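Throughout, read-outs are computed from the coordinates displayed, never taken from laboratory work. Source: prediction; values computed, not measured. Heads up, the Cβs are rebuilt from the backbone with ideal geometry, glycines too, and the neighbour counts pull from every protein chain shown.
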Amino acid sequence: MPAMAGDRRFFGRKGATSMMRLTCILAILLWVAPAGTTQLRAASQNENQKADSAKKQRQVFQAKAEVELRDLDRKIDDLKARLRTETDVDQKQINRQMNDLERKRMVAQRDMVKLENSSQAAWQDMEAGLESAMHDLESAYDQAASHFK
């Protein structure tokens, strides 16, 4: 009868001893591995939760910024309409301020597009830039609108 893989004659005497050692090592690894994989799984889940949280924060910020930008667009359009009907304002000064307002509006829109196209890792850097651009735009609007109050 030929020697089979489980038979001592297949491995020989030294091979059987090596096989026993290998079996013991595998048994130990299988006994220890579940604890390690549980820790790895927990760490992975924690990282996934952090990534999901950051993604949600980004989506909330982006939606809020889009609403603010649309609101400012509406206000700017109203201001332009009032400018066409007003005759008591200093046209040169208000035109300068309106040009500044339009320039700052374009900067805010450009930053919004950058935010939309940025990676998840880079969006927090983009957030500060967009917040600054939105603040500048709001200040420019307030200054231009002050001529009509």
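For A128, neighbours were defined as the other residues whose beta-carbon sits under 14 Å from its Cβ, and their charges (Lys and Arg +1, Asp and Glu -1) total -3. Peptide packing: for 125-133, 75-83, the average count of neighbouring Cβ atoms within 10 Å per residue gives the ranking 125-133, 75-83, highest mean first.
The local environment of N117, defined by Cβ-Cβ distances under 12 Å, has a net charge of 0 under the rule Lys, Arg +1 and Asp, Glu -1.
If packing is taken as the average number of other Cβ atoms within 10 Å across a peptide's residues, how do 97-103, 67-73 rank, most packed first? Please report the intermediate quantities before stating the final value.
Working: 97-103: 16.9, 67-73: 14.1.
Result, highest mean first: 97-103, 67-73.
In nm, to one decimal, how far is the modelled label at D142 from the one at K56, with both set 7 Å along Cα→Cβ? The modelled label-to-label distance comes out at 3.2 nm.
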